[in-house]
Amino acid sequence: MTDVSDLVGAPFKYGSRGEDGYYDCFGFLYEYYRRAGKPLPSYQSSKSQSENARNIFSALRDICRPCDLKRDAILVFRIKRHESHLAVYLGDDEFIHAWEGADMVVVERLSGVWEKRLVGVYEPK
């Protein structure tokens, strides 16, 4: 498992990739896999949050394949009506993500409300 314990508590900021000490969910995912030696490709950023989400999820479909729930898997969540949030499964019902609702990188339980929002589990090809 990739060690990102130093990022727990790092502040959330939409569009941040860690260069300023802040992360959004994709920035966190990008850093997680970079540390794991499996860097994900970047994507074209835009000013529109919904356009960015579409770009990210399109890119993930190109570089990932569906898998069973296992450690280091990418979790895709539907927030409101769209796939719009990413996290990494740690095992034992826990996952880690940069979450606007918590305003930081946090570890949470998958069971409960998050499990109801889960729409996909992937791993890099």
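What residue among I56, I79, I96 shows peak mean-square fluctuation when the chain is described by a Gaussian network model with Cα springs under 10 Å?
Among I56, I79, I96, the largest GNM mean-square fluctuation belongs to I79.
Where does each of Y33, Y89 land when they are ranked from fewest to most other beta-carbon atoms within 10 angstrom?
In increasing order of surrounding Cβ atoms, one gets Y33, Y89.
For the chain, what is the relative contact order in percent, using Cα pairs closer than 8 Å and at least 6 residues apart in sequence?
Over the chain, the number comes to 28 percent.
Work out the FRET efficiency for D92 and R54 from their Cβ-Cβ distance, taking R0 = 25 Å, and round it to the nearest 0.05.
0.20
Round to a whole angstrom and tell me the spacing of the C-alpha centers of region 90-125 and region 69-89.
One Cα centre to the other: 6 Å.
Rounded to the nearest 500, what is the 222 nm mean residue ellipticity of the chain from helices alone, with -39500 (n - 2.57) per DSSP H run of 4+ residues and division by all residues?
-7500 deg cm²/dmol
Excluding residues fewer than 8 places away in the same chain, name every one of the lysines whose C-alpha is closer than 28 Å to that of K70.
K13, K38, K80, K116, K125
For a footprinting-style exposure proxy, rank R81, R65 by other Cβ within 10 Å, fewest first.
On the way: R81 6, R65 9.
By the 10 Å Cβ count, ascending: R81, R65.
Quick note: the coordinates plus some simple rules give every number you see, no bench work behind them. Computed from a predicted model, the values in this text were never measured in an experiment. Cβ sites come from the backbone with ideal geometry, for glycine too, and all protein chains shown count toward neighbours.
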